[in-house]
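This report refers to the structure that appears directly beneath it.
The values are calculated or read from the model by the stated rules, or taken from the named source; none is laboratory data. These numbers come from a predicted model, not from an experiment. All Cβ positions, even for glycine, are placed from backbone atoms using ideal geometry, and neighbour counts span all protein chains on display.
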């Protein structure tokens, strides 16, 4: 669409209708979910039976709100812990990878870049199964060869972290690389000519320029880890993450506490997005 050209009334009406339908399609399910979190009903669906805060604060015995639901609270804590470590590892390694691939040509650069992008096109289910089989094979080999039982090779918290880290790092590297391509490398040369060391140049100039992208990529990595289901399903141990726990509850039948959890996650994601937007603003 060329904004400078005049538009007919029919075109404007069609365009406006499309935009309204598009955003209604996106946000109507979220709105319904949030409203049902306050529904005075034992089922997470319509009809509306009145306003209630039971699914947030009720302590039983007939109803248990999310703030008194120890099982879901443990799952939320596990997801936060998993997402925290995945975000830390992915941000560090992804930023280093961005620096690596923005250097001049080096042996096997294209091959390594292709291998880095491979997890993006592999379905999460296949990736989870492959990681599980690889970990089990490595664990069996180490135990048979050295008699050592390595907990990391069994479905567990850290195996989930490593599994998510293996593909989320790619997103971080791509985001940081896009920002790094806009960097004026003459600033580094000028700083080094003035006596700065290579480490000082990277810390005070390059990373300062990359800070919005690094923070944004870290936030994306955190959210991707927090909501990941396909890969985590095959690697999780005795401490399920929130998506896995919600799946088990929905499968067996649950209460509107799921809607309450969804509302809290929507609000939390919105706040994190605002923080990311704030740090991503260009400074004058």
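In summary, residue 211 fulfils each of the numbered conditions (1) surrounded by fewer than 20 Cβ atoms within 10 Å (Cβ to Cβ); (2) in contact with a helix residue (DSSP H, G or I) (Cβ under 7 Å, 6 or more places away or on another chain); (3) farther than 30 Å from residue 56 by Cβ with the single exception of condition (2).
Can you find a residue that is part of a helix (DSSP H, G or I) and either touching a residue at least 60 places away in the same chain (Cβ under 8 Å) or more than 14 Å from residue 255 (Cβ to Cβ) (or both) anywhere in the range 45-55? Spell out how you get there, then give the answer.
Residues of the range 45-55 that are part of a helix (DSSP H, G or I), as a first pass: 54-55.
Right, trim to either touching a residue at least 60 places away in the same chain (Cβ under 8 Å) or more than 14 Å from residue 255 (Cβ to Cβ) (or both) and you get 55.
For the range 45-55, residues part of a helix (DSSP H, G or I) and either touching a residue at least 60 places away in the same chain (Cβ under 8 Å) or more than 14 Å from residue 255 (Cβ to Cβ) (or both): present.
Against the numbered list (1) buried (at least 19 other Cβ atoms within 10 Å of the Cβ); (2) on the phi > 0 side of the Ramachandran plot, residue 222 comes up short only at (2). For the range 228-255, how many residues are within 12 Å of residue 82 (Cβ to Cβ) and without any contact (Cβ under 8 Å) to a residue 24 or more places away in the chain? Matching residues across the range 228-255 total 0.
Scan the range 171-199 for residues that are under 26 Å from residue 221 (Cα atoms) and surrounded by 10 or more Cβ atoms within 10 Å (Cβ to Cβ) and jot them down. Once the filter is applied, which keeps residues that are under 26 Å from residue 221 (Cα atoms) and surrounded by 10 or more Cβ atoms within 10 Å (Cβ to Cβ), the range 171-199 yields 171, 172, 173, 174, 175, 176, 177, 178, 179, 180, 183.
Those helices (runs of 4 or more DSSP H) of the range 162-266 in which at least 3 residues are modelled with pLDDT of 90 or more, considering only elements entirely within it, cover 207-227, 230-235, 242-252.
Given the residues 56, 27, 43, 18, which is the only one that is within 30 Å of residue 226 (Cα to Cα) and loosely packed, with under 12 Cβ neighbours inside 10 Å?
Working: 56 fails: loosely packed, with under 12 Cβ neighbours inside 10 Å; 43 fails: loosely packed, with under 12 Cβ neighbours inside 10 Å; 18 fails: within 30 Å of residue 226 (Cα to Cα).
The conditions single out 27.
Taking residue 94 as the residue in question, decide whether it is in a helix (DSSP H, G or I) and farther than 16 Å from residue 173 by Cβ.
Values: in a helix (DSSP H, G or I): yes; farther than 16 Å from residue 173 by Cβ: no.
Considered against the rule, which asks whether it is in a helix (DSSP H, G or I) and farther than 16 Å from residue 173 by Cβ, residue 94 comes out as no.
Would it be correct to say that residue 143 is without any contact (Cβ under 8 Å) to a residue 12 or more places away in the chain, assigned to a helix (DSSP H, G or I) and touching a helix residue (DSSP H, G or I) at 6+ places or on another chain (Cβ under 9 Å)? If you could, list the steps in order and put the result at the bottom.
Details: without any contact (Cβ under 8 Å) to a residue 12 or more places away in the chain: yes; assigned to a helix (DSSP H, G or I): yes; touching a helix residue (DSSP H, G or I) at 6+ places or on another chain (Cβ under 9 Å): yes.
So residue 143 fits the description; yes.
Evaluate the following for residue 163: is it under 28 Å from residue 77 (Cα atoms), buried (at least 17 other Cβ atoms within 10 Å of the Cβ) and without any contact (Cβ under 8 Å) to a residue 24 or more places away in the chain? No: the conditions fail for residue 163. A single entry from 73, 112 fulfils the requirement of being over 22 Å from residue 210 (Cα atoms), out of contact with any strand residue (DSSP E or B) (no Cβ under 8 Å at 6 or more places or on another chain) and either at pLDDT 90 or above or surrounded by 15 or more Cβ atoms within 10 Å (Cβ to Cβ) (or both): 73.
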